[in-house]
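To start, the structure under review is shown below, and the notes come after it.
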Amino acid sequence: MEWLALREQAARPLLESGWTLLYSGLTPSRASATLLDPSESQQISLQIPTGETAQDWELWLEACNRQLSVPLRQWLESQGIEKSTLSRLTGNHPSGQDALKLSNMLQVARLLQRSIEAIETLAEANGSQLVLHLAGLGPNS
């Protein structure tokens with residue numbers, strides 16, 4: 001049951017920031033949780049190994065829409081992100097057709113730094129490290 005408590009503790013910073021728990025599971029090899037941001041533009045999946053030997057915790061940050069949606073932009077703004085930074089993150093081209101690229105996802109990861117650091121601290125306290133995976137929606141993501 002220790003893994004369930006760790007999974008809940010790792011998800012807490014995101015849940016307190018308005019993210020929604022989509023799925024949580026427990027298998028013989030891992031405890032996992034998948035969360036969706038308030039605007040349904042980004043998804044985070046956390047996988048915590050449950051084996052006896054220490055393995056890496058994995059955190060996947062994935063784009064769910066082609067651009068940051070207005071609610072996500074507003075949420076990021078409420079977290080203190082400047083509008084000029086948000087303009088660079090939208091993936092917007094005047095045609096509105098550009099995909100949310102991996103470079104944009106790096107910026108989103110930086111904006112979620114506190115939550116990611118909290119999860120990393122938990123992983124380290126349990127003899128593991130956190131591995132961050134990013135996936136945008138561009139052709140090379």
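Readers should treat all values here as calculations from the given coordinates under stated rules, not as data from a laboratory. Because the structure is a prediction, the values reported are computed rather than measured. All Cβ positions, even for glycine, are placed from backbone atoms using ideal geometry, and neighbour counts span all protein chains on display.
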Item checked: Contour excess over end-to-end distance, with Cα ends at Ser24 and Glu52 and 0.36 nm allotted per residue -> 8.0 nm
Notebook entry, point to check: Along region 105-119, what does the Karplus equation 6.51 cos²θ - 1.76 cosθ + 1.60 (θ = phi - 60°) give for ³J(HN,Hα), rounded to whole Hz, x for Gly and Pro?
Noted result: 5, 4, 5, 4, 4, 5, 5, 9, 4, 4, 5, 5, 5, 5, 5
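What number comes out for the charge environment of Cys64, summing +1 per Lys or Arg and -1 per Asp or Glu over other residues with Cβ under 9 Å away? Don't jump to the answer; show the numbers that get you there.
Working: positive: none; negative: Asp37, Glu40, Glu62.
Net of charged neighbours comes to -3.
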Check: Taking amide H positions as placed 1.01 Å from N in the peptide plane, with prolines and chain starts having none, which residues 5 or more places from Arg30, or on another chain, fall under 5 Å of its amide H?
Finding: Thr50
Margin query: Skipping prolines and chain starts, which residues have an amide H placed within reach, meaning under 5 Å, of the one on Cys64, given they are 5 or more residues away or on another chain?
Written below: Gln42, Gln43
